[in-house]
Amino acid sequence: MTSAWELLLPAASAPARARGRALREALRDAVRSGRLAAGTRLPSSRDLAADLRVSRGLVTEAYEQLTAEGYLRSGRGAGTWVGDAVRAARPRARDLAPRSRGDLADFVPGTPDLSLFPRSAWAAAQRGVLADLPHESLGYPDPRGLPRLRTALAELLARRRGVVADPERIVVVSGVAQATALLAGVLHARGTRTAGVEDPGSPQHSALYASAGVGTVPLPLDDEGLALGPLHASGVRAVVTTPAHQFPTGIAYSARRRAELLAWARSVDGLVLEDDYDGDFRYDRAPVGALQGLDPERVAYTGSVSKSLAPGLRLGWLLVPDWLADDVVERKRTTDLGHPTLDQALFARFVERGDYDRQLRVCQRAYRERRDALVAALAEHFPGARVTGIAAGLHAIATLPQHHGPEERFLARVTEAGVVVRPLTAYGHGGAAGDQAAGAARAPEGVRLVLGYAHLTPGRIRAGVARMAEAV
């Protein structure tokens, strides 16, 4: 029984007090995984003990315990055998994270270039935090977040995004998704049953509100932002917006529409949730300041490091009006007892030392170059194509000449050629407003694409656009 000896040898080298438990667990694992198949005869307790150099009593006790549990069977004078009752195989951990399919070019929007993550600076900040962090800081944190990080974020957001940032009203969250879910839960507890969402818009907004029991009303856009007529007619008192760079159309809300949106919120005693998902990235001028800076009591502001560092960090912030702060903090407390302390201290140090500003500059240069490459490639391979929306963010809207349609045929051909794209129509929320938005997205030009470029090198962008042109 050399194979059995090899399987159990690590257990035999365990500390004396843990050796019996380790031996039993090793035997269970070998039977469950099939490495000891049903019907296999095990060595006698005397022989196995000698091979493993453990006491015979240890082996006898393990055999008796596993026989009682059904893993083994034995008969007087017949030896010990692997039983046939066990059917469970070792479970496999699946990875459900979204992954590229290995296509020539994947233009799906929303993904930053993860190779730009500042590993050296991040590692240095981590070493500094581990060396300096007091032991007591490793306990349960303030559910709002570490005061050090909230203070650093308040300075950062006021300087870069023009928000009115009180550290007492900042809540550190695991990204915009958690911020939205927290607010949706609080609004539901206060009696809100519907909220408005931009149409077309991010699909996650509707899903997150639905998870809190709040339905969503699709609200169409015009050239300046949310259309006011449908907003007033909807009856909602909460609305989710992306005013700095609307997703997916790429427009920036006009100054007039921003003022009108805030006037609506005051008139209905309502709330605007501002998702500033890529507000730091503007390539033709300085970014437009956040809507929250105009009326901090009517706007809840949220953002994250998902586009500037990496979505896998699960780190963001929520700046809430005073009248919602206590409810949001309490819901955050009951949800997860606070964000991980080490992650917060690390990011605080990263911000304080200027590393985050440097990272934003690195991303700004890279993403501007890639947007320029996309615009040039479209002009070369799709004469007459128009790129609309402001020069900002991680995606662009491309409207192709009508002869490249219909949309369904175009998408089928480029997909077959190994290029992944999303049409603007994919981001409609349905209903009357959604049908109107989808119709506007199709006619009269033909095909309108939402092209993400930040995660692609300029070379892959050019190759992907060229392959699209060849396919159609």
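The values are calculated or read from the model by the stated rules, or taken from the named source; none is laboratory data. Here the structure is a predicted model, which is why all the values come from computation and not from measurement. Ideal geometry is used to build each Cβ from the backbone, glycine not excepted, and the neighbour counts take in all protein chains shown. Only protein heavy atoms, including side chains, enter the accessible area calculation; ligands, DNA and RNA are left aside. Shrake-Rupley method; radii C 1.70, N 1.55, O 1.52, S 1.80 Å.
I need to check one value: relative contact order of the chain, counting alpha carbon pairs closer than 8 Å and at least 6 residues apart, in percent.
Computed over the chain, the figure is 19 percent.
Can you tell me, using C-alpha contacts under 8 Å and at least 6 residues apart, the relative contact order of the range 1-67 as a whole percent?
Relative contact order for the range 1-67 comes out at 36 percent.
Full-extension gain between Arg119 and Arg409, please, as 0.36 nm times their residue separation minus the C-alpha to C-alpha distance.
Stretched fully, the Arg119-Arg409 segment lengthens by 100.1 nm.
In degrees, nearest 10, range 0 to 90: what is the angle between the Cα axis of helix 19-33 and the longest Cα principal axis of the chain?
70 degrees
Would you kindly derive the ³J(HN,Hα) couplings of the range 209-222 from the backbone phi angles with the Karplus curve 6.51 cos²θ - 1.76 cosθ + 1.60 (θ = phi - 60°), listing them in order in whole Hz, with x for Gly and Pro?
5, 4, 5, 9, x, 10, x, 10, 10, x, 10, x, 10, 10
What translational diffusion coefficient, in µm²/s and rounded to a whole number, does the Stokes-Einstein relation yield for the chain at 4 °C and a viscosity of 1.567 mPa s, taking the hydrodynamic radius as the Kirkwood radius over Cα pairs?
Rounded, D is 50 µm²/s.
Rounded to the nearest 10 Å², what accessible area does Tyr277 have for a 1.4 Å probe in the complete protein model?
Accessible surface of Tyr277 is approximately 40 Å².
If one computes the Cα centroid of the range 109-160 and of the range 452-472, what distance in Å separates the two points?
35 Å
Compute the relative contact order of the range 200-341 as a whole-number percentage, counting only Cα pairs closer than 8 Å that sit 6 or more residues apart in sequence.
Numbers: 178 pairs, mean separation 23.3, N = 142.
Reported relative contact order: 16 percent.
Subtracting the Cα-Cα distance from 0.36 nm times the residue separation, let me have the gained length for Leu228 to Ala14 in nm, one decimal.
Numbers: separation 214, 0.36 × 214 = 77.04 nm, distance 7.09 nm.
Answer, rounded to one decimal: 70.0 nm.
If you take the beta carbon distance between Ser33 and Leu342 as r and set R0 to 41 Å, what does 1/(1 + (r/R0)^6) give as a FRET efficiency, to the nearest 0.05?
Working: r = 35 Å, r/R0 = 0.85.
That pair, Ser33 with Leu342, gives E of 0.70.
Counting only residues 5 or more places away or on other chains, whose amide H sits under 5 Å from the amide H of Ala392 once H atoms are built in the peptide plane?
Tyr283
What's the extension gain from Asp372 to Glu470 if we count 0.36 nm per residue and subtract their Cα-Cα distance?
33.2 nm
Just report the Cα centroid separation between the range 18-54 and the range 174-208, whole Å.
Here the two parts' Cα centres lie 54 Å apart.
Non-local amide H neighbours of Asp106 (under 5 Å, H modeled in plane, Pro and chain starts lacking H): which ones?
Amide H to amide H, under 5 Å and 5 or more residues apart or across chains, Asp106 pairs with Val420.
Work out the FRET efficiency for Ala463 and Gln204 from their Cβ-Cβ distance, taking R0 = 41 Å, and round it to the nearest 0.05.
Details: r = 30 Å, r/R0 = 0.73.
Using R0 = 41 Å, I get an efficiency of 0.85.
Taking every DSSP beta bridge with both residues inside the chain, roughly what % is antiparallel (nearest 5)?
Given both bridge residues lie in the chain, the antiparallel proportion sits at roughly 60 percent.
List the trypsin sites (Lys or Arg not before Pro) within the range 259-289 that fall in a DSSP loop (any state other than H, G, I, E or B) and whose Cβ has at most 14 other Cβ atoms within 10 Å. If you can, show how the numbers build up before the last one.
On the way: sites: Arg266, Arg282, Arg285; in loops: Arg285.
Answer in residue order: Arg285.
Give, as a single signed number, the net charge of other residues whose beta carbon lies under 11 Å from the beta carbon of His381, with Lys and Arg counted +1 and Asp and Glu -1.
With Lys, Arg at +1 and Asp, Glu at -1, the neighbours total 0.
In Å³ and rounded to a whole number, note down the convex hull volume per residue for the Cα atoms of the range 218-277.
Values: hull volume 4.4 nm³, N = 60.
Dividing the Cα hull volume of the range 218-277 by its residues yields 74 Å³.
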